[in-house]
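Structure provided below as structure tokens; questions to follow.
The values are calculated or read from the model by the stated rules, or taken from the named source; none is laboratory data. None of the values given here were measured: they were computed from a predicted structure. Glycine gets a Cβ as well: all are built from the backbone with ideal geometry, and neighbour counts include every protein chain shown.
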Amino acid sequence: MKNFMYYNPTRIFFGKDTIKKLDKLVPQDSRVLITYGGGSIKRNGVYDQVIQALGNRKVFEFGAIEPNPHYETCLKCVDFIKESKIDFVLAVGGGSVIDATKFIVAASLFEGEDKWEILKTGGTNVSKAMPFGAVLTLPATASEMNNGAVITKKETLEKISFHSEHCFPKFSILDPQTTFTLPERQIANGIADTFVHVMEQYLTYPVRNQISDRFAESIIITLIEEAPKVFANPMDYDVRANLMWAATMGLNGWIACGAVQDWATHMIGHELTAFHDIDHGTTLSIILPGVMKVMRDEKGEKILQFGERVFEISEGTKEERIDKTIKATIDFFDSIHIPTRLSHVGLNETCIEPIVQRIKERNWSLGENGTINYEKVRLILLDRL
């Protein structure tokens, strides 16, 4: 097991009708900005619940935050915050809204002229941020309980992440009832995102970290067991609750404790989104099988463990069991009707070289061992045509 330090100050309020708790969580004299996305919260009743809970506080709104939030949109919000003298921000939505809000609260107090420097440095230059909370409506990213965010700059087709201890939500409210009206596409993307978050922290090489391994496997098994139920019975509260909590636990830092991490699937997936605006979860379900196949020698022991403990694959040679495990992973993604090949989202071999060249230009060495260079990225993408 690797050395680790764990810190997470976010307070979680989980369960039915917990949005009411906003009245006790948001300071009474606050000038509150609600950030949100495409407006579904105004159609499904969540917005009304939030407004009622905020009571007589002075409330402002900033909507239309995109899936894969745009840097340019975030800057408009930063200007609005300064003009309106906002002192508390409440993100109401999924990971994109919460990610955007993290950048917004950091950029609003950032003393540098170029806010993109926050992304370029990975957040190391963030020394303070405005306070904010979250009401989660789409379980996927665990942004509601971590300090990271990913922002897209449309002008340059870049998608970059940052982390800062100043960007943890003060609190997050998780009411599974808010997810009842989600479209199946968003449900599938959320499940895939959670699945791959876990795999990035698990499918590396053994370090005898039994707690994190078993914890990771339990989250994956929960996804596999609950996924068919959520599509068959969308109004099942307990299924929604298990999926929501699984998503939070997938990237709130717990399973990373003492573990070796990868993140190559995400890094390649970010480029697919930056160039082609593909759903984040979909990029992951496409790329992960390619990473497993191309990196099977380095990841072999953990792939075998994953196959045996999660999919009960124990017969055959080592290579046969690895093949069966990769197929079982693809079969799971197929079962939730999410793409697993580039061709499934209308892309062909012409999409590969721009991504490969960007990896080369940045001199990136991805993966837990830093051995996934631009040439291996090409092989991974070719495998997913």
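Would you check if there is a residue in region 162-179 being modelled with pLDDT under 95, assigned by TED's automatic domain parsing to the domain that holds ASP23 and surrounded by fewer than 18 Cβ atoms within 10 Å (Cβ to Cβ)?
Checked against the condition, which is being modelled with pLDDT under 95, assigned by TED's automatic domain parsing to the domain that holds ASP23 and surrounded by fewer than 18 Cβ atoms within 10 Å (Cβ to Cβ), region 162-179 yields no hits at all.
For region 1-44, give me each residue that is free of Cβ contacts under 8 Å to residues at least 60 places away in the same chain and outside the structural domain of ASN56 (by TED's automatic domain parsing).
Within region 1-44, MET5 is the sole residue that qualifies.
Let me ask you something else. Can you name the number of the only condition in (1) within 19 Å of THR181 (Cβ to Cβ); (2) touching a residue at least 40 places away in the same chain (Cβ under 8 Å); (3) exposed (fewer than 13 other Cβ atoms within 10 Å of the Cβ) that PRO234 fails?
(3)
Suppose we keep only residues that are touching an Asp or Glu at 6+ places or on another chain (Cβ under 9 Å) and modelled with pLDDT under 95 within region 43-74. Which one would you say is surrounded by the most Cβ atoms within 10 Å (Cβ to Cβ)?
Only one residue tops the list, namely ASN68.
Only one residue in GLY123, GLY112, GLY148, GLY133 is outside the structural domain of LEU243 (by TED's automatic domain parsing), modelled with pLDDT under 95 and small (Gly, Ala, Ser), so which one is that?
The conditions single out GLY112.
Part of a loop (DSSP other than H, G, I, E, B), in contact (Cβ under 8 Å) with a residue 40 or more places away in the chain, in contact with a helix residue (DSSP H, G or I) (Cβ under 7 Å, 6 or more places away or on another chain) and crowded, with 19+ Cβ neighbours inside 10 Å: does that describe ILE303?
So ILE303 does not fit the description; no.
I would also like to ask the following. Please work out if GLU308 is of a type in the set (Asp, Glu) and within 25 Å of ALA142 (Cβ to Cβ). Even if it seems obvious, please write down each step before you answer.
Working: of a type in the set (Asp, Glu): yes; within 25 Å of ALA142 (Cβ to Cβ): no.
The answer is no for GLU308.
Between a first residue in region 46-73 that is more than 17 Å from VAL32 (Cα to Cα) and a second residue that is basic (Lys, Arg) and crowded, with 20+ Cβ neighbours inside 10 Å, which pairs have beta carbons less than 9 Å apart while being 6 or more apart in sequence or on different chains?
Between residues of region 46-73 that are more than 17 Å from VAL32 (Cα to Cα) and residues that are basic (Lys, Arg) and crowded, with 20+ Cβ neighbours inside 10 Å, the close pairs are ASN68/LYS159.
Yes/no per residue for (1) hydroxyl-bearing (Ser, Thr, Tyr); (2) more than 21 Å from the chain's Cα centre (by Cα); (3) at pLDDT 95 or above; (4) in a helix (DSSP H, G or I):
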{"position": "ARG321", "(1), (2), (3), (4)": "no, yes, yes, yes"}
{"position": "THR325", "(1), (2), (3), (4)": "yes, yes, yes, yes"}
{"position": "GLU353", "(1), (2), (3), (4)": "no, yes, yes, yes"}
{"position": "ASN363", "(1), (2), (3), (4)": "no, yes, yes, no"}
{"position": "GLU375", "(1), (2), (3), (4)": "no, yes, yes, yes"}
{"position": "ARG378", "(1), (2), (3), (4)": "no, yes, yes, yes"}
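For region 49-149, which fully contained strands (runs of 3 or more DSSP E) count at least 1 residues that are under 16 Å from the mean Cα position of the chain (by Cα)?
Fully inside region 49-149 and qualifying: 88-93, 132-136.
From the residues in region 321-359 that are acidic (Asp, Glu) and farther than 22 Å from ILE224 by Cα, which one is surrounded by the fewest Cβ atoms within 10 Å (Cβ to Cβ)? Can you show your working first?
Pass one, region 321-359, residues acidic (Asp, Glu): 323, 331, 334, 349, 353.
Subset that is farther than 22 Å from ILE224 by Cα: 349, 353.
Numbers: GLU349: 11, GLU353: 13.
That would be GLU349.
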